[in-house]
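Here is the structure we will look at.
Derivation of every value follows stated rules applied to the coordinates shown; laboratory data play no part. Just so it is clear, the model here is predicted, and its values are computed rather than measured. FYI the Cβ positions are ideal-geometry reconstructions off the backbone, even for glycines, and counts take in every protein chain you see.
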Amino acid sequence: MKKLVIIPTYNEIENISKIIRAVFDLEGDYHVLVIDDGSPDGTAAAVKELQQEFPERLFLVERSGKLGLGTAYVAGFRWALEHDYDYIFEMDADFSHNPLDLPRLLEACTQGGADLSVGSRYCDGINVVNWPLGRILMSYCASIYVRTVLGVRIYDSTAGFVCYSRKVLETIDLDAVRMKGYGFQIELKYTAHRLGFRIAEVPVIFVNRKEGTSKMSGSIFGEAFWGVLALRFRKLHPAR
């Protein structure tokens with residue numbers, strides 16, 4: 001069973017080596033693919049240095065600039081499918097997602113029967129540490145908004161800590177993915193739901209980054225707000 005953790009990066013020099021080692025410390029032979037969008041701080045160089053230590057488990061795709069979170073993950077998904085991975089994870093580089101939770105997400109699929117599992121901040125109360133109150137309210141209300149507009153029972157639709165089974169990514173038409181920012185997370189979950197895949201939420205504790213700079217912006221939320229409305233009326237066609 002081949003498992004790949006995709007980590008998109010832009011200026012994550014403070015975190016990238018530590019997060020990769022934390023994943024490799026887990027049992028189960030997880031592989032890591034870093035998608036770096038031209039970080040000027042040397043993130044890609046740090047990954048290349050680590051590749052000498054882990055040549056068969058650590059991989060790097062370098063892109064020319066900031067092309068968006070969604071496009072980074074789509075590139076990673078295509079790479080994973082081409083290299084025959086069975087389970088593909090999304091995870092941030094900044095330790096807001098705890099690598100120790102990766103086996104729990106995997107178990108929800110391999111033993112719990114889910115096709116896609118979500119590391120959820122909101123399915124069991126609000127489990128967020130060190131976020132400003134305004135950001136918690138914005139994120140929590142965004143999930144309520146998504147459930148209301150799209151009619152899908154996912155408590156943390158914007159979560160970026162996800163495990164996909166291969167068949168989900170093979171079925172979704174990746175060419176049709178439109179949102180590039182955090183709205184991408186909503187679009188993928190909703191598309192999987194529309195295609196009939198089973199989605200499980202696994203409660204996790206989300207801890208705000210201690211090092212590096214957040215990439216969140218108002219435009220990201222704007223794209224998600226209007227993009228959700230568009231999703232409600234979009235016709236859906238699976239990949240061929």
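What to note about this one:
- Selection of trypsin sites (Lys or Arg not before Pro), region 143-174, meeting DSSP coil and at most 11 other Cβ within 10 Å: R153
- Distance violations [Cα-Cα > 19 Å] among K3/K66; K167/K189; K18/K48; K2/K167: K3/K66
- Beta bridges per DSSP, both residues in region 3-232: antiparallel share near 25 percent.
- For region 15-64, the set of GluC sites (Glu not before Pro) satisfying both a DSSP loop assignment and a count of at most 10 other C-beta atoms within 10 Å is given as E27, E56.
- Value of relative contact order over the chain, rounded to a whole percent, pairs C-alpha under 8 Å and six or more apart: 23 percent
- When shorter helices are ignored and each DSSP H run of at least 4 residues is given -39500 (n - 2.57), the per-residue value for the chain at 222 nm works out to -12000 deg cm²/dmol.
- 5 angstrom amide H check on E201, placed H, neighbours 5+ away: V118
- Dividing the C-alpha radius of gyration of region 3-232 by 2.2 N^0.38 Å, with N its residue count, gives 0.94.
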